[in-house]
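Input: a single structure, listed below in structure tokens.
The values are calculated or read from the model by the stated rules, or taken from the named source; none is laboratory data. What you see is a predicted model; the values in this text were computed from it and never measured. When we count neighbours, we look across all protein chains shown, and the Cβ atoms used for this are built from the backbone with ideal geometry, even at glycine. In case anyone asks, the SASA skips ligands and DNA or RNA and just uses the protein heavy atoms, side chains included. Shrake-Rupley method; radii C 1.70, N 1.55, O 1.52, S 1.80 Å.
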Amino acid sequence: LFLSNSEILACGSLLPESEELLRKGEREGAILFSRDGGLNWTIAYRAPNRGAISALTRSSNGRVRAVGSKGLLIELTPYSK
């Protein structure tokens, strides 16, 4: 999801930080943010033990909504400096 020419949000999943969840083969839903057109990424949101985040959309008021597995619904307000 492009927020501007250089700011991007992406979604998916990451390996969990918890060794127990890692042994179980669980994934954590994640939303990643890049300020430089995708060269560098930071974790904007992490959902432990929730599977993947599969879709992002932006409403007319600027809020970002995401959906994921296991009934995950998220609403974020993007922050720019």
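Of all the listed residues (Ser54, Ser18), the sole one being among the polar types (S, T, N, Q) and modelled with pLDDT of 85 or more is Ser54. If you take the residues of the stretch 1-32 that are touching a helix residue (DSSP H, G or I) at 6+ places or on another chain (Cβ under 8 Å) and of a type outside the set (D, E, K, R), which of them is nearest to Val64 (Cα to Cα)? Checking each candidate, the answer is Gly29. Can you tell me which residues in the stretch 27-42 are open to solvent by 50 Å² or more (accessible area, probe 1.4 Å), over 15 Å from the mean Cα position of the chain (by Cα) and not hydrophobic (A, V, I, L, M, F, W, C)? Passing the criteria: only Asp36. Those residues that are open to solvent by 30 Å² or more (accessible area, probe 1.4 Å), within 23 Å of Ser4 (Cβ to Cβ) and more than 11 Å from the chain's Cα centre (by Cα), I need them from the stretch 60-70; list them, please. Those that are open to solvent by 30 Å² or more (accessible area, probe 1.4 Å), within 23 Å of Ser4 (Cβ to Cβ) and more than 11 Å from the chain's Cα centre (by Cα): Ser60, Asn61, Arg63.
The set of residues in the stretch 49-59 being within 10 Å of the chain's Cα centre (by Cα) and small (Gly, Ala, Ser) consists of Ala52, Ser54, Ala55. With respect to the conditions (1) open to solvent by 40 Å² or more (accessible area, probe 1.4 Å); (2) within 19 Å of Gly71 (Cβ to Cβ), Ala47 lacks only one, and its number is (1).
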